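The next block holds one structure in the form of structure tokens; read it before the comments.
The values are calculated or read from the model by the stated rules, or taken from the named source; none is laboratory data. Owing to the predicted nature of the structure, the values given are computational and were not obtained by experimental measurement. Note that each Cβ is placed from the backbone with ideal geometry, even for glycine, and that neighbours are counted across all protein chains shown. Just the protein is used for accessible areas: all its heavy atoms, side chains included, with ligands, DNA and RNA removed. Shrake-Rupley method; radii C 1.70, N 1.55, O 1.52, S 1.80 Å.
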Amino acid sequence: MSFSIFALLSGVGVLLAQIAWNRQLLLITGGSIDATAVVLSAFMLGLGFGGRYFGRRAEQSANPVLTLRITAAGAALCSFVPLLIAPLATTLYPALYSSGLQLPARFVIALLMIFPATFFAGGIVPSMARLVEGPGGAARVSRLYGLNSLGSALGGFLAGFILLEAIGITFTLILGAALTIASLFLIKAPGLQAKCIKETDPGVKPGMFFLWVYFASGMLALSWEMVWSRQLTFVLGNSTYAFATMGMMVLLGIGIGSIAGRRIAAAAGKPLVSFGVVQVLLGVASVIPLMALGSFSSLSGKLSFFSGWAGSISGDILAAMVYMLPSTVLMGVTFPLMVKAAAREQKLGEDVGILSMANCMGAAAGPILASQVLFRFLGVTPSVLLLACMNASLGFFAFWKSRRLMLSLLAPLGAIVSVILILGARTPGSKPPGGMNLVFFEEGRTATVAVFGREWDNHRSLRINGVEEVPVDQASLEAFYLLGHLPWGYNPEAKTAMAVAMGGGITSGALLTHPIDTLVCAEICPEVVLAAIHFEKQNQRPDLDPRFELVGDDGRNFLLGSDRKFDLIVCDATHPGSSESWLLYTEEYYSLVLSRLEPGGVAAQWVPLHRLPVEEFTRIIATWSRVFPDAAVHSAGGRHAILIGSAEILQLDIASIFGDSIAAEQLIATGFREDEPEFLQPLLSSDELLLTVESPIRSNTDDLAPCQFLIRKCQGDPQQTIGENMSLMLSLDADGEASPVHIGQIIYWNTMLPQAAEFFRSEEVPSAMGRRWLSATLSTGAELLYNEGRYREALELADMAWAADPEWKRNIDLVIEINRAQSYAQEEL
């Protein structure tokens, strides 16, 4: 019993440490798909070499219990290596990065930081195998391996859902190491040593056929994990919780499969035949859920047994079980089958080590295969088909080796079923939302990018992995344009600029309307460059400007790896609650940005107000203001905030923003006027931000960033927090008098349209921005009525919207569309 608890507890401890290592590496190597792939590969290499070394050492040792203790203690102590050498790695990384070999540079850093700990961790299972070898040893080690995997699943749950948010990366790592150390005391020598009996002729080591088959099995397993991490984001989202759920399902399934599979292996006359059947089934089982993603949300809702965040998460976890466990359980079953087929019961420690190395070498190749070959040349959905066929082929080779030629027919049958399933399913992310059509779709290497359009008003919506990132509504255009023009207004002598993320290219295009010499754009998802073509009306095609330089990397990693400095740095990251963007809202990142500014340089960052609890918005502006000596906060459309920071005193030159005719045209088209500076001036300056700077609220840091756990804190209507955050900014404003436009925007985003319209009308001297938002409010009401088929009432509101702002062409388009729909409806009658 104590040995079983050791297996479980060490699994928890090692996984907690692994998640902490991954977070530490994320801060250095970046969050790109290449970085993710090399970190996974480095991790699996460490496990493989450790398994081979300690399996052989345990086999040769007269005291294998000591060997097991060394592996666990070594894994625990070396867990701190990533933290200890992170400063050295950070110093070394720019030299490697600047060589132009970013992928090898990331791999070297990953190996340097995590290989020692994973080397020792890889020896745990083979060392346990040495202690249970003998008759029935294969079943016993399969059970222990399964318990170790279940412990890892528990560790993934604790880290992703509790510990990272509660205590941060460092203390999660300490807890993981402490649990691993504590598990050492559960290893008792008496009783275990008695099993260490040798035969004079134990047989032969696992042959090359078994090693290559198990290598391929590991490669396919990790390739499937890369596919799941892409496809399941369409239904689980891209939060920290979503990726914790996916990782937990993989480990849970492997644990269950290994424990259950030991009985299958024991009963199998030819375990290699059973291994072949499992591979064929694995290919089909992995295709089915990916082709049925459209039913995930419905299933999650039915499986939610609680209210609020707990209900949402529990529903997602249970639905993920339905979708992923069939595949991951089958992955787990391969371990006992391969051990039974290839390992010697009297040399179990050494042979499990050999098999582990083969499997882990394949697993190390899997992420590289998926990210550098399959996704690059085929796309994700065709890769699903190819992987399923490769599983079927692996099954065929197992049948052929076992001389079960009739069973080999299962392989093409499985491949045919997979083809039929894939051809009959819609590619994830390609289904247009209501009233829109698909304009652009690319299943790229780094992400799935889609642009949806609406014909009557030429509306566009760019979505990355199913998440809307770039709409072109009034509020969003205000934010995109201000994010590009305001930094220039604060530094009209700027010559060099950098944009973190391209999105639809609107902010980059706005920056390039000014006479800068160079704009470097770091974009983690290069596929959006093709999508940006469909936003030409708004972005002026920055990719065609010779001053535009695209870097295919995440912005933080580029700034860390490069010593270039800029006059302007504009951060247009995604929502802070997403798993890849939280690290762009931390104190360390802001300090990095500040260090990359030229004298007089200015930084800007977009912050969404939707789905952002007021406490977290306060934390973000407090973190920003504590780093930058002078700071300001602007409002855009009542739905977005733009943070401005510099090492020097900020002064906004509004005239310079309108100095270029195209820049002036963009700003005027969205309601801004040079003679109405109140909508361009910051709502908050450094003096007013002093309250947040001196508040007890903790800054977001790389070690503990609460902003990444927003989903738990923000349930229900994502627009609900907009008014709360705008109210916070207005309450901090020293002037104390909020304009009717700002108040009207708060009411508008609370979906109280008639009341919002009254506030916009209440301006003593009607402003262009007030007229625009009155028009937007009326046109929103008209669209709601139009969608309900109430065309006469919709036309009345649309006419009023047109009268409120005759210069806004969209109002004319709306009137024409309602008349068209009304005429069509009358003809149908």
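Observations on the model:
- Across all directions, the average projected area of the convex hull around the alpha carbons of region 327-423 is 7.3 nm².
- Pairwise label distance in nanometres, Leu409 with Glu828, each label 7 Å out on the Cα-Cβ vector: 5.2 nm
- Taking the three principal axes of the alpha carbon atoms in region 384-519, the coordinate ranges are 77, 37, 16 Å, sorted in descending order.
- Three semi-axes of the equivalent ellipsoid, region 48-172, Cα gyration tensor, whole Å, largest first: 32, 20, 13
- Rg/Rh (Cα only; Kirkwood hydrodynamic radius) as it applies to region 435-576: 0.96
- Peptide packing for 715-728, 470-483 was compared via the average number of neighbouring C-beta atoms within 10 Å per residue; ordered from the highest value, the list is 470-483, 715-728.
- Length-normalised contact order for the chain - Cα pairs under 8 Å, 6+ apart - percent: 12 percent
- Rounded if a/c under 1.5, otherwise prolate or oblate - region 673-724, Cα gyration tensor axes: oblate
- On the beta carbon distance between Leu530 and Asp687, with R0 = 41 Å, the FRET formula returns roughly 0.35.
- D by Stokes-Einstein for region 643-688, Kirkwood Rh over Cα pairs, 25 °C, 0.890 mPa s: 205 µm²/s.
- For region 771-823, alpha-carbon Rg relative to the globular expectation (2.2 N^0.38 Å, N residues): 0.97
- Working ranking of peptides 425-436, 114-125, 285-296 by packing, defined as the average number of other Cβ atoms within 10 Å per residue, highest first, is 114-125, 285-296, 425-436.
- Alpha-carbon Debye profile of region 218-264, log10 I(q)/I(0) at 0.13, 0.16 Å⁻¹: -0.35, -0.51
- Leu84 paired with Glu615, simple spin-label distance in nm, labels 7 Å along Cα-to-beta-carbon: 3.7 nm
- Rolling a 1.4 Å probe across the protein heavy atoms gives the chain an accessible surface of 37 Å² per residue.
- Cβ-based net charge around Gly218, under 15 Å, with every Lys or Arg adding one and every Asp or Glu removing one: 0
- FRET efficiency, 1/(1 + (r/R0)^6) with R0 51 Å, evaluated for Asp717 and Phe209 via beta carbons: 0.30
- Charge tally in the Cβ shell below 14 Å around Asp517, where Lys, Arg are +1 and Asp, Glu are -1, Asp517 excluded: -1
- Label-to-label distance for Glu665 and Met436 is 2.6 nm, based on points extended 7 Å past Cα in the beta-carbon direction.
- 5 Å-binned pair-distance histogram of region 742-803 (Cα, whole percent): 4, 21, 30, 23, 14, 6, 2, 0
- Average Cα contact separation per residue, region 493-611, under 8 Å, 6 or more apart, as relative contact order %: 28 percent
- Diffusion coefficient, µm² s⁻¹, Stokes-Einstein with Kirkwood Rh over alpha-carbon pairs of region 527-662 at 10 °C and 1.306 mPa s: 96 µm²/s
- Distances between placed amide hydrogens fall under 5 Å for Met498 paired with Val520, Leu568, Ile569, Val570, all partners being 5 or more residues away or on another chain.
- 11 Å beta-carbon shell around Thr172, net charge (K/R +1, D/E -1): -1
- Summarised in one figure, the compactness ratio Rg/Rh of region 691-761, Cα atoms and Kirkwood Rh, is 1.08.
- The calculated Kirkwood hydrodynamic radius for region 268-375 is 16.5 Å, given to one decimal from all distinct C-alpha pairs.
- Degrees separating the helix 81-97 axis from the principal Cα axis of the chain, which is the longest one: 60 degrees
- Cα gyration tensor shape of region 523-603, rounded if a/c is under 1.5, else prolate or oblate by comparing a/b with b/c: oblate
- Hydrodynamic radius of region 1-87 per Kirkwood, over alpha carbon pairs, in Å: 14.5 Å
- Spread of Cα-to-Cα distances over 10 Å intervals beginning at zero, given as percent, for region 595-656: 20, 50, 26, 4
- 32 Å Cα-Cα threshold exceeded, pairs from Lys495/Lys537; Lys188/Lys347; Lys188/Lys340; Lys495/Lys809; Lys347/Lys401: Lys495/Lys809
- Per residue, the chain reaches -20000 deg cm²/dmol at 222 nm when only DSSP H runs of four or more residues are counted, each adding -39500 (n - 2.57).
- Over the chain: Rg over Rh, Cα atoms, Kirkwood Rh: 1.02
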